[in-house]
1. Among the numbered criteria (1) assigned to a helix (DSSP H, G or I); (2) modelled with pLDDT of 90 or more; (3) under 16 Å from the mean Cα position of the chain (by Cα); (4) under 27 Å from S3 (Cβ atoms), which single criterion is violated by I89?
2. Any residue in the stretch 72-86 that is under 16 Å from Q26 (Cα atoms) sitting within a Cβ distance under 7 Å of a residue that is part of a strand (DSSP E or B)? List the pairs, counting only those 6 or more apart or interchain.
3. Which of (1) farther than 16 Å from R75 by Cα; (2) hydrophobic (A, V, I, L, M, F, W, C); (3) touching a residue at least 12 places away in the same chain (Cβ under 8 Å) is the odd one out, the single condition L8 does not satisfy?
4. Could you grab me the full set of residues in the stretch 70-86 that are open to solvent by 30 Å² or more (accessible area, probe 1.4 Å) and either outside any helix (DSSP H, G or I) or touching a His at 6+ places or on another chain (Cβ under 8 Å) (or both)?
Amino acid sequence: MDSILRLLMGPWTTYIIWVLSDKGPQRFGALRRSVPGISTRMLTERLRMLEGAGVIWREQAETIPPAVTYGLTQRGDDLRSVLDSLGEIADRWKAEGVFEGAMDRMPLKMDKPGKRALSASPDG
């Protein structure tokens, strides 16, 4: 279980899986527009990681420029019910006020000037 959680806890990872689950296969540009705030570099990195783990598939059409489409594999589809359950729990906890002020207590690092991002290291 720890290995799956480590895979999913990377920045934007669950959001990308959720978009592909909700909208179906997406071309790179459409996927980038569906994940507001993600950089091209970060999206490319996350997609490569997810493809390497067998969570998504990648199909490249031999056109100029290349048309690249991404979608969920069976492994990625296996995560759908888990993410739906986590979403329901998050909604319930949010309604209970669990997250109010919680972000202020989380270890953060500066991603870009003026932007805060969660620290990727376990010790902050």
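1. The single condition I89 does not satisfy is (3).
2. L72/I56; T73/I56; T73/W57; G76/I56
3. (1)
4. L72, T73
The values are calculated or read from the model by the stated rules, or taken from the named source; none is laboratory data. None of the values given here were measured: they were computed from a predicted structure. Neighbour counts are summed over all protein chains in view; Cβ atoms, including those assigned to glycine, are modelled from backbone coordinates with ideal geometry. Side chains included, ligands, DNA and RNA excluded: accessible areas come from the protein's heavy atoms. Shrake-Rupley method; radii C 1.70, N 1.55, O 1.52, S 1.80 Å.
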